[in-house]
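Down below is the structure, laid out as structure tokens.
The values are calculated or read from the model by the stated rules, or taken from the named source; none is laboratory data. Since the structure is predicted, the reported quantities are computational estimates derived from the model, not experimental observations. Cβ sites come from the backbone with ideal geometry, for glycine too, and all protein chains shown count toward neighbours.
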């Protein structure tokens, strides 16, 4: 087996890490951006209420994620996942689409570089 693409980036020193919790009300869901102060290489977003996990790994397309549901099914989410914002003016944040951050739910997240 030959590798056709191998992308890797390593942090120099201690990795940046942040964790948080979000509780949404019954209002309409909206895209949500979380500021970190560093550009993450891994973001995990947990829907604690419904036991769903969305994972974004460095190199994945914007608003994609590996989507795990409580029944054990794992799929690739291509449009309603997570996007890491690394451009000018938004570096060091990630955005979760409204379809992922639903109303009346509890979420936890972790991000690290």
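Odds and ends about this structure:
- Some residue of segment 56-68 being under 13 Å from the mean Cα position of the chain (by Cα), closer than 15 Å to residue 112 by Cα, in a strand (DSSP E or B) and modelled with pLDDT of 95 or more: yes
- Condition check for residue 53: at pLDDT 95 or above and over 13 Å from residue 107 (Cα atoms): no
- Some residue of segment 83-100 being crowded, with 19+ Cβ neighbours inside 10 Å, at pLDDT 90 or above, touching a strand residue (DSSP E or B) at 6+ places or on another chain (Cβ under 7 Å) and in a loop (DSSP other than H, G, I, E, B): yes
- Enumeration of residues in segment 101-113 that are within 13 Å of residue 48 (Cβ to Cβ) and surrounded by fewer than 18 Cβ atoms within 10 Å (Cβ to Cβ): 102, 104, 105, 106, 108, 110
- Under the condition of being under 14 Å from residue 48 (Cβ atoms) and touching a residue at least 60 places away in the same chain (Cβ under 8 Å), the residues counted in segment 61-95 number 0.
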